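Every number here is computed from the coordinates shown, using simple stated rules; none is lab data. Not measured: the values here are computed from a predicted model. Every residue, glycine among them, receives a Cβ derived from its backbone with ideal geometry; neighbour counts consider all protein chains shown.
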Amino acid sequence: MKFYKQDAIFELYSDVVRIEHNKETDVFTAFDVNENEVSLNMSNVNTKATELETADNDEATAKANLKASAKAKLIAGEALTEDEANTIVL
């Protein structure tokens, strides 16, 4: 399971080196290298986390579609593109 909110915090706040997450309250606390708390805008974090999740989902869908295309071409005896071939080469 990806931790999109943590990834978003690290992307949005370059000074953050450590994050604590209280799972009971779903509160994130971020700290810089000097252990000072970094103020987070959770609206921005949530937006970025959604963007990251969407990008991951889009990438997974594109990979699955490419693999399906490669399989269909193999069955039909057609030539594969390099990207299609890369999906089946170990």
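Residue 47 to residue 15: FRET efficiency via 1/(1 + (r/R0)^6), r the Cβ-Cβ distance, R0 22 Å, to the nearest 0.05?
Working: r = 20 Å, r/R0 = 0.89.
Between residue 47 and residue 15 the formula returns 0.65.
Between helix 42-76 and the chain, what is the angle of the helix's C-alpha long axis to the longest principal axis, kept within 0 to 90° and rounded to the nearest 10?
That helix lies at roughly 10 degrees to the long axis.
For the charge dipole of the chain, defined by +1 on Lys and Arg C-beta atoms and -1 on Asp and Glu C-beta atoms about the Cα centroid, which residue among 68, 86, 41 has the Cα displaced farthest towards the positive pole?
68
If R₀ is 35 angstrom, what is the calculated FRET efficiency for the pair residue 79 and residue 54, using the beta carbon separation as r and rounding to 0.05? Intermediate results must be reported in sequence, preceding the final value.
On the way: r = 33 Å, r/R0 = 0.93.
Working from the Cβ atoms, E equals 0.60.
Based on the Cβ-Cβ distance of residue 64 and residue 3, what FRET efficiency does E = 1/(1 + (r/R0)^6) give at R0 = 30 Å, to the nearest 0.05?
Values: r = 23 Å, r/R0 = 0.76.
Result of the calculation: an efficiency of 0.85.
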